[in-house]
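Values in this text are rule-based calculations from the coordinates and carry no lab data. Quantities reported herein were computed from a predicted structural model and do not represent experimental measurements. For neighbour counting, all protein chains shown are included, and Cβ atoms are generated from backbone atoms with ideal geometry for every residue, glycine included.
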Amino acid sequence: MNILVLNCGSSTIKFQLIATDLEEIAHNSDRRLARGDIERIGGESIVSLRAEGREPERSTATLRDARAALDLIVHWICSAESGIKEVQSVADIHAVGHRVVHGGEKFTHSVIIDDEVLRDIEKCIDLAPLHNPTNIKGIVAAREVFGAGLPQVAVFDTAFHQTLPEHAYLYALPYQFYRRHRIRRYGFHGTSHRYVAYRYRQLRGIARDATNVITLHLGNGCSIAAIRKGDSIDTSMGMTPLEGLVMGTRSGDIDAAIIDFIGAKEGLSSHEVETVLNKQSGLLGISGLTNDMRELLAEAHENNDRRARLAIEIFCYRARKYIGSFLAAMAGADAVIFTGGIGENSSEVRAKISAGLEWAGLQLDPERNAAHSGGKEGVISADGSSLAAYVIPTDEELLIARDTVRCVRGAPQRY
Ligand code: ADP
């Protein structure tokens with residue numbers, strides 16, 4: 001099957017076209033036919049398209065909305081210009097898989113989208129007011145372009161964490177807030193945590209219920225998950241993606257009383273303070289320079305910038321502290337897995353996070369660690385390290401394509 005994977009943001013659409021089916025999933029022989037993204041939808045949009053094995057194409061176009069952007073993508077995929085042999089017309093696209101941010105408590109795995117599912121995704125808008133509406137626009141646009149007959153599947157960022165036990169997902173707030181408003185930890189990046197735990201299991205040749213790992217997704221957004229017997233039992237992001245680790249522009253954990261305090265001192269509304277915590281904090285806020293880890297590392301090395309060093313230090317300290325607490329939460333783990341732009345590429349950050357975890361049995365091998373960047377997968381701990389460390393590049397699009405196939409074919413979703 002040729003699966004179109006869509007990730008629709010407020011003014012962007014990212015897509016991949018992946019050829020896969022149950023047979024390909026079993027043999028890891030899925031093929032990526034094309035990928036691309038459209039930015040600044042609603043104005044003069046920037047279009048990047050790339051068919052596998054060809055040079056990337058960049059252009060601009062005036063695209064009014066998600067529908068117009070999707071029309072352009074589908075037209076390009078089917079055209080002779082893209083050179084994708086497998087897809088000559090719209091009929092050669094067999095299903096669409098959507099990344100959907102929030103599935104609330106309703107969605108514990110991926111589902112085929114029908115009117116009822118769409119209504120349930122709408123009900124979660126309250127929990128993800130920025131993301132779910134744009135995901136819904138993408139689903140509606142795809143219905144218009146492909147017709148109601150083409151299967152569309154929703155893959156939720158929150159679904160993997162629905163196995164958290166009550167004691168991990170409830171906040172110690174008055175219980176009626178949970179009952180009335182469903183205020184609880186949902187967790188995000190679920191597709192990424194699930195994918196790397198699955199790859200680890202394949203690399204080790206072990207069963208799902210023998211998979212006991214801590215996964216660190218360190219990108220612009222950062223989160224960590226405790227995975228016991230293949231299930232997520234705790235994670236650092238909360239009701240929203242703001243909680244937990246230090247991120248590019250998000251603070252992660254803070255004392256909740258600070259919000260009112262900043263509001264009073266700086267004359268900001270609570271909404272404005274929340275924007276500061278989401279957009280002006282984290283690596284950017286501490287360094288005063290950038291949210292980009294690669295640039296911060298360069299500043300620290302080349303100019304010995306004190307606040308760049310401090311930002312990196314706080315980032316790594318928070319991650320290490322979470323690894324320690326998750327080891328306690330899950331009564332020990334077999335491996336720590338690094339993924340995301342920072343986790344996959346920065347041996348320095350991985351080393352700083354791991355330093356001081358020797359008591360837990362984690363011993364990195366400096367040469368292996370240095371050799372893993374740019375998409376290389378494998379072990380970075382020393383032989384004999386009782387807590388192993390791996391770098392496993394994430395591939396959320398692949399998992400979305402595979403979930404889409406499994407939903408359409410009626411195969412079990414928990415695998
Ligand atoms: P997103 O969460 O938006 O998908 P990514 O997973 O691509 O983002 O991660 C982006 C982060 O990865 C940025 O902070 C970037 O600086 C960092 N990064 C990418 N390559 C490197 C590298 N070689 N060394 C350090 N950080 C890197």
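The table below gives the values:
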quantity	calculated
Convex hull per residue volume in Å³, alpha carbons only, for the chain	160
Local net charge near Thr249, Cβ-Cβ under 13 Å (Lys/Arg +1, Asp/Glu -1)	0
Shape category assigned to segment 255-347 from the gyration tensor of Cα positions, a/c cut at 1.5	oblate
Between segment 205-278 and segment 1-68, the Cα center-to-center distance that results, in Å	28
Fraction in percent of alpha-carbon pairs per bin - 10 Å, segment 167-284	13, 34, 32, 15, 5, 1
Percent of beta bridges antiparallel (DSSP, the chain, rounded to nearest 5)	70
Percent breakdown of C-alpha pair distances by 5 Å bin, ordered from the shortest bin, for segment 5-119	2, 10, 19, 20, 19, 15, 9, 4, 1
Order of His27, His131, His181, His94 - criterion: other Cβ atoms within 10 Å of each residue's Cβ, fewest first	His27, His181, His94, His131
Over segment 124-227, volume per residue of the alpha carbon convex hull, in Å³	164
Cut-off of 10 Å, at most 16 other beta carbons, DSSP loop: longest stretch of the chain lacking such GluC sites (Glu not before Pro)	106-376
Within the chain, longest stretch free of exposed trypsin sites (Lys or Arg not before Pro) [DSSP loop, at most 11 other beta carbons within 10 Å]	86-413
Prolate/oblate/rounded call for segment 43-91, Cα gyration tensor, a/c under 1.5 rounded	oblate
Proximal aspartates and glutamates relative to Lys265, as straight alpha-carbon distance under 17 Å, when same-chain residues fewer than 8 apart are discounted	Asp255, Glu274
Sequence-distant lysines (8 or more away, or on other chains) whose Cα lies within less than 28 Å of Lys106	Lys14, Lys123, Lys137, Lys229
Calculated over segment 260-415: convex hull of Cα atoms, volume per residue (Å³)	182
